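All remarks here apply to the structure that follows.
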Amino acid sequence: MTEIHVDQIIDEVRRMCIEANVNLPPDVCRALEKAVESEGNPTASSVLELLLENADIARNECIPICQDTGMAVFFVEVGQDCRIVGGGLTDAINEGVMQGYQAGYLRKSIVSDPLERLNTNDNTPAVIYYDIVPGEALVIHFSPKGFGSENMSQLKMLAPAEGVEGVKSFVVQVVREAGPNPCPPVVLGVGIGGTMDKAAVLAKKALFRPIGKRHPDPRIARLEEELLELINDLDIGPQGFGGRTTALGVSIETFPTHIAGLPVAVNVSCHVTRHLTTRLGR
Amino acid sequence: MPNHEACQGCAKECAAAHRRAATRQSASLRAVDNSDDVVHLRVPVTAKSELIPLEVGQRVLLSGTIYTARDAAHRRMVESILAGEEVPIPLENAFIYYAGPCPAPPGRVIGSVGPTTSYRMDSYAPALIEKGLGGMIGKGTRSKRVIEAMVKHCCVYFAAVGGAGALLSRRVVNAELVAYGDLGTEAIRRLEVKDFPVIVAIDTRGNSIYERR
């Protein structure tokens, strides 16, 4: 049985918080570079070039890509044969977030209570989802989620009769209604199936998949491509100033559901879709 | 070069990105600075009439003084106005930037400081516009009520590039806390900016860049 000390987890989370916020992941950089080449609208191209320049500055000078350094979201795979020692796992993750957001000069954006709204001043607590999996490793997936785009996310309980056409029209409607507000070009995570809450978590999880990496099921992969095409026909464009580049990517995750239901959740993310994974233990 | 611990681990992973970045030579912002159709505007303006020639879609470089304020600061300012009290900043001809910056790392005047989404300030903005506000800087759509107040009181709405906070921070030459320090990033700060790039999103006649179709 592998033992993992919480100090190691704290250090790793601290590092991830800073790195994810200053270093736009390679999949997003490549998607932006590709978009510059294919975008025919000159205003749109110049915005995309500014976004790439912004990412260069952030990376070279180690300052956040975007001032919204997000709410810290984690998906953690806990190997059932690994043992966390020295303290609690959730506490360790929150301690890492606290240290990372302080040391990295990242913005503290979390309020203690949704109605009272007092800033916690350390960007905790994080939102953490745990999966118990076989093996001895602890795999931590991290994404700082900005709220300009999070606010544009929607969920709908479709009737089964609405089928794939209903799914498509809902996803496109979410992007149309969001318009310029979520900092397009957006990245979409779509969760289909499960229960209401499961669909939302699947949508969030889909955002962790690198842009352009298609779903293993060719049927779902085709749907991802079709949705991307439909969305890029909306002429919202970068910053909503018009153009072909409204979305950089669409990722879908599915789960079995009830005979009566077809839940669909759309988690909207901006062009600063940050994600990092680290593996501890064996 | 990286200036703190964050990038020690990423050097290898990002070598390719660094190489591609080098070939771009950071020319895109310079292209905006030097483009023929860009307008220079000193803020605050001395008279609202200076805003009338601005047309939707025009690129503008702002220099002078602007104030950051977002959700919580707007709430407090409008509460003060409703109570008949003074607000902590001069509103006449002034420009408010919807932004909550990152803390300034050593050697910088401010951290990343891009615009936040403007619609959340829509319920508060008309009260400030009525008090003589010259303009707002943010991103995204505005409500009908805000646009009507803008037209009535000759106010302009600029969009800055959302998600480009690192780049925009280079155009801030000084930053100073003015009020509501307890709000952290949501406090009101006075920013001195030089050639801060924006685009006219809604002009003083109410034309909007977001309504093309």
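Note on B:E86 and A:D11: their simple-model spin labels are 5.4 nm apart, each label 7 Å out from Cα toward Cβ.
Exposure proxy shown here: for A:M71, B:M77, A:M196, the number of other Cβ atoms within 10 Å sets the order, fewest to most, as A:M196, A:M71, B:M77.
Rounded to the nearest 20 debye, the dipole size of region A:148-269 about its Cα centre is 300 debye, using +1 on the Cβ of Lys and Arg and -1 on the Cβ of Asp and Glu. Only beta bridges with both residues in region B:36-202 are counted; by DSSP, about 55 percent of them are antiparallel. For a paramagnetic label modelled on B:V151 (point 7 Å from Cα along Cα→Cβ), amide N atoms under 14 Å away are absent within region B:50-71.
The local environment of A:A35, defined by Cβ-Cβ distances under 11 Å, has a net charge of -1 under the rule Lys, Arg +1 and Asp, Glu -1. Where both bridge residues fall in region A:148-269, DSSP classifies roughly 55% of the beta bridges as antiparallel. According to the square roots a ≥ b ≥ c of the eigenvalues of the Cα gyration tensor, what is the shape class of chain A, taking rounded for a/c under 1.5, prolate for a/b larger than b/c otherwise, and oblate for the remainder? Oblate. Fewest neighbouring Cβ atoms within 10 Å first, the residues B:C155, A:C82, A:C62 line up as A:C82, A:C62, B:C155. Rg/Rh, computed from the Cα trace of the protein assembly as shown with Rh as the Kirkwood radius, has the value 0.97. The calculated FRET efficiency for B:R30 paired with A:Q80, based on their beta-carbon distance and R0 = 41 Å, is about 0.15. With neighbour counts taken as other beta-carbon atoms within 10 Å, the residues A:Y129, B:Y119, B:Y157 rank, fewest first, as A:Y129, B:Y119, B:Y157. Ordering A:P263, A:G243, A:L280 by Cα displacement along the dipole of region A:170-282 toward the positive end leaves A:L280 in first place; charges were set at the Cβ atoms of Lys, Arg (+1) and Asp, Glu (-1). Against the main long axis of the alpha-carbon atoms of chain B, helix B:71-82 sits at an angle near 20°. The mean sequence distance of close C-alpha pairs (under 8 Å, at least 6 residues apart), as a share of the length of region B:36-202, puts its relative contact order at 31 percent. So for chain B, considering every pair of alpha-carbon atoms, how many percent are separated by more than 25 Å? Summing the P(r) tail past 25 Å for chain B gives 40 percent.
Overall, chain A carries a charge dipole of about 220 debye about its Cα centre when +1 sits on the Cβ of Lys and Arg and -1 on the Cβ of Asp and Glu, all other atoms neutral.
Computed over neighbours whose Cβ is under 12 Å from that of B:L177, the net charge equals -1, Lys and Arg +1, Asp and Glu -1. The loop-placed trypsin sites (Lys or Arg not before Pro) in region A:111-157, going by DSSP, that have at most 16 neighbouring Cβ atoms within 10 Å of their Cβ come out as A:R117. Strictly over 29 Å apart at the Cα level, which of A:K108/B:K152; A:K108/B:K131; A:K108/A:K205; A:K145/A:K198; A:K205/B:K144; A:K108/A:K156 would you flag in this model? Distance filter (> 29 Å) returns A:K108/B:K152; A:K108/B:K131; A:K205/B:K144; A:K108/A:K156.
Coordinate-derived values only; no laboratory data. Remember, it's a predicted structure, so these values are computed and weren't measured experimentally. Quick reminder, even Gly has a Cβ in these numbers, built from the backbone with ideal geometry, and neighbours come from all protein chains shown.
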